[in-house]
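FYI, it's all coordinate maths here, none of it is from the lab. Remember, it's a predicted structure, so these values are computed and weren't measured experimentally. Here Cβ is always computed from backbone atoms with ideal geometry, including for glycine, and neighbour counts include all displayed protein chains.
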Amino acid sequence: MTDAFHLADEAALMAWGARLAPLLRAGDCIALSGGLGAGKTTLARGVLRGLDYHGDVPSPSFALLQAYEPPDVPLPLAHVDLYRVDDPSELAELGLDEWRGSGILMVEWPERLGPTFLAQALAVQLDFAADGGRDLTARVPEGWTARWPFL
Ligand SMILES: Nc1ncnc2c1ncn2[C@@H]1O[C@H](COP(=O)(O)OP(=O)(O)OP(=O)(O)O)[C@@H](O)[C@H]1O
Ligand SMILES: [Mg+2]
């Protein structure tokens, strides 16, 4: 199942992420696709805001993985950017399986994850809309349909 939304501005995209936040459970992976500047990090910021996290949410472009852990958030959460990861050993070093085992993964440039990981992910695609906002398409996997629609 897929679902589509139009987010007119940054605040609307943040709010979408914040409304998704309370639905998240340990084991969830959110795959964030879209070009440079499409709003992947913005959406992750919204999710963290929705989890009542009020600290900085830096882009993980350079660190590759930003970790958020209790008591700052209800569950461990890793915000990952795989744009610069092209070596499988580098990917392995991030320990994404362990993160997903105990908490939540949000992954920018998730194409590098491989198909088995992606099959179970909530796949969010962000595209630039003609009006300057963003079009969001969510591919909702089976494990998620009972939690949908949420808006
Ligand atoms: N719904 C929206 N409408 C218009 N502009 C938006 C919207 N959401 C976010 N933006 C703006 O677009 C930019 C998105 O930047 P962001 O860092 O979130 O993108 P990204 O997809 O993570 O990029 P990268 O691939 O470089 O990591 C920001 O400047 C933000 O203000
Ligand atoms: Mg980003």
Q | Within the range 121-131, considering residues that are in contact (Cβ under 8 Å) with a residue 12 or more places away in the chain and over 13 Å from the mean Cα position of the chain (by Cα), the one surrounded by the fewest Cβ atoms within 10 Å (Cβ to Cβ) | A | D131
Q. Tell me, which residue of the range 142-151 that is more than 15 Å from ligand 1 (Cβ to nearest atom) and surrounded by fewer than 15 Cβ atoms within 10 Å (Cβ to Cβ) is nearest to L65 (Cα to Cα)?
A. G143
Q: Identify, by number, the condition in (1) touching a residue at least 60 places away in the same chain (Cβ under 8 Å); (2) closer than 24 Å to G95 by Cβ; (3) within 13 Å of ligand 1 (Cβ to nearest atom); (4) of a type outside the set (S, T, Y) that P60 doesn't meet.
A: (1)
Q) What number goes with the only condition from (1) surrounded by fewer than 21 Cβ atoms within 10 Å (Cβ to Cβ); (2) within 13 Å of ligand 1 (Cβ to nearest atom) that G55 does not pass? A) (2)
Q: Can you tell me which residue within the range 94-122, out of those that are more than 16 Å from ligand 2 (Cβ to nearest atom) and part of a strand (DSSP E or B), is farthest from Y68 (Cα to Cα)?
A: L122
